[in-house]
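See structure below.
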Amino acid sequence: MSVLAVFFPSLMGLGILASGALLLTDLFHKLIPGRGLRRSHHVVTGAFGIVADAAAAAGRPLRRSDILYREPRHPMAYLAVAAVAFGIGLAVVASCTAAYRDAAGVFHASPWMVGIAIAGGAIAGLLATLSLVLAGLRRHLWRPLARLVATTPLGRLRVAEVAGITSWAGSNINKEPR
């Protein structure tokens, strides 16, 4: 009977945690509406790939379209990413150091804690530094940084402005031109 007294409340607690996580993800999606834009970008990328393959098979290769590239984000977005990355890196290093020094802990004097602290801190520090550089340079990026922004999630999708897509359910996607 004591097993049931522990199992059912923990199961209910897990359900409450899962429900809270779903509420937080819904709130996050409302605050940052980008799902339709990402979906539109995947559709445009797929369509371009099909057309480019057909053109290459016909002997007329196509140049990569500007629609497929990204543009720099607002400098405040890069500053926010830098602050979050710095905070996460600091938390990883601090918690791994505390676990390494805890004489009663499982990870006392464990080289794994040193490795995790160095790797986590280095990755977060690199992202924070890169974000600070991108925020400082704004739109005047060096060529390697411009390429990095254009091809990674460090840049903002620009399908909507270039292709004229307003939203996935959008008002102008299936309409005839006037």
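The values are calculated or read from the model by the stated rules, or taken from the named source; none is laboratory data. Since this is a predicted model, take the numbers as computed values, not measurements. Here the Cβ positions follow ideal geometry from the backbone for every residue, glycine too, while neighbour counts run over all protein chains shown.
Scanning the stretch 62-86 for residues being part of a loop (DSSP other than H, G, I, E, B) and loosely packed, with under 10 Cβ neighbours inside 10 Å gives a total of 2. Taking the stated definitions as given, is Val43 surrounded by fewer than 13 Cβ atoms within 10 Å (Cβ to Cβ), under 30 Å from Pro144 (Cα atoms), outside the structural domain of Leu148 (by TED's automatic domain parsing) and hydrophobic (A, V, I, L, M, F, W, C)? Judged against the criteria, Val43 is not a match. Name the single residue that is surrounded by the fewest Cβ atoms within 10 Å (Cβ to Cβ) among those in the stretch 49-61 being part of a helix (DSSP H, G or I) and of a type in the set (Gly, Ala, Ser). By that ranking, first place goes to Ala57. What are the pairs, 6+ residues apart or on separate chains, where a residue within the stretch 82-97 that is within 18 Å of Val133 (Cβ to Cβ) has its Cβ under 6 Å from a residue that is assigned to a helix (DSSP H, G or I) and among the polar types (S, T, N, Q)? These pairs meet every condition: Ala82/Ser131.
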